[in-house]
1. Across the Cα atoms of the range 121-214, what radius of gyration and what greatest pairwise Cα-Cα distance (Dmax) are found, in Å?
2. Counting only helical runs of four or more DSSP H residues, what would the 222 nm mean residue ellipticity of the chain come to if each run contributes -39,500 (n - 2.57) and the total is spread over all its residues?
3. With a Förster radius of 41 Å, plug the Cβ-Cβ distance of Arg24 and Asn134 into 1/(1 + (r/R0)^6) and report the FRET value to the nearest 0.05.
4. What Kirkwood hydrodynamic radius do you get for the range 256-309 when you take the inverse of the mean 1/r over all pairs of distinct Cα atoms, in Å?
5. Kindly list the residues of the range 60-86 that lie in the label zone of Glu323, defined by a backbone N under 16 Å from the point 7 Å along the Cα-to-C-beta vector.
6. What Kirkwood hydrodynamic radius do you get for the chain when you take the inverse of the mean 1/r over all pairs of distinct Cα atoms, in Å?
7. What accessible area per residue comes out for the chain, rounded to a whole number of Å², with a 1.4 Å probe?
8. For the range 87-129, what is one quarter of the convex hull surface built on the Cα atoms, given in nm²?
Amino acid sequence: MKKVAMFDTKPYDKIWFDRLNDDRYEIHYFEGKLTTDTVSLTKGYDVVCAFVNDDIDKEVVEQMCENGVKLLAMRCAGYSNVDIKAASGKLKIARVPAYSPYAVAEFAMGLLLTLNRKLHKAYNRTREYNFNINGLTGMDLYGKTVGVIGTGKIGQVFVNICRGFGMRVLAYDIFPNNSLGYEYVDLDTLFRDSDVISLHCPLTEQTNHIIDEDAISKMKEHCYIINTSRGGLIDSRALLDALRERRIGGAGLDVYEEEAEFFFEDHSEKGITDATLALLSAMPNVIITSHQAFLTEEALSNIAKVTFENMDAFFAGSSLVNEVQYTYNG
């Protein structure tokens, strides 16, 4: 039986992987993240199963190879935390490219609705028997313009949701899909004309800090920014400055560019050392959630299912359809 070391394990991971395993693999669950400090634990395992906030740099990759690991099975879509160049030709990498576009897109709309209609503030008030509605005014989404950056599966579901609200959709994608019939525009136009901007693209060299000081300077003063994709898409400091100076309307963030140290963990007793994150959390027009947009029963089931399929295919010598490969861009 092949042995699997799963890192950054949460209770919901164990539930679904145990449920769908069928005794095919011997899985050992580690609560800690995969880093240079914990990579020694991979010795004797055939597969390492990692998540989005594990730190899989060159040193970790090389140590896993020395330890006999044959496959890195990422149980997520993103792999920007993996040094795929270091792994090229040494260690196979597979991922779960899509587990529930509906989960993430619906959550993005939930963030927008909460931010716009101040549902979180209303909830807190009524819990204290304060039924005053002053300061809870929002805007109709009907007739407003939403700019969607990234029109893959999640972006497409989000577009459909927005259209259901009667919103006009502007789209931007490095590789536009003209068969969708979307109104693709350049970024400057999207920034200028949108009342809401929602990010649904991967984090790459081209998209890193796609929302920066320059981009924000072109936005409407009441514009909401929603990010359920990757934290690095937004320059957090530029966002904080704009919020402080009331140059945009607000932000709904399920991700943060320096989230690895904090997200998925309880820091309520010791606090956090990231000043930007602390200040963003304190802003009245900001909602921050802890990378939970994917967290539905359907998504968790699909993540476990596809991860097992990736491992099955690898050990059967079949085509690894979800393989991540290094592409030289020099």
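1. Every Cα atom of the range 121-214 included, Rg and Dmax give 16.6, 52 Å.
2. Estimated from H runs of four or more residues: -10000 deg cm²/dmol.
3. Calculated value: 0.10.
4. Hydrodynamic radius (Kirkwood, Cα only) of the range 256-309 equals 13.4 Å.
5. 70-74, 84-86
6. Roughly 21.2 Å, rounded to one decimal.
7. For the chain, the solvent-accessible area averages 49 Å² per residue.
8. 5.4
The values are calculated or read from the model by the stated rules, or taken from the named source; none is laboratory data. Given the structure is predicted, the values throughout are model-derived calculations rather than measurements. Here the Cβ is made from the backbone with ideal geometry for all residues, glycine too, and neighbour counts use every protein chain on show. SASA here: full protein model, heavy atoms, side chains in, ligands and nucleic acids out. Shrake-Rupley method; radii C 1.70, N 1.55, O 1.52, S 1.80 Å.
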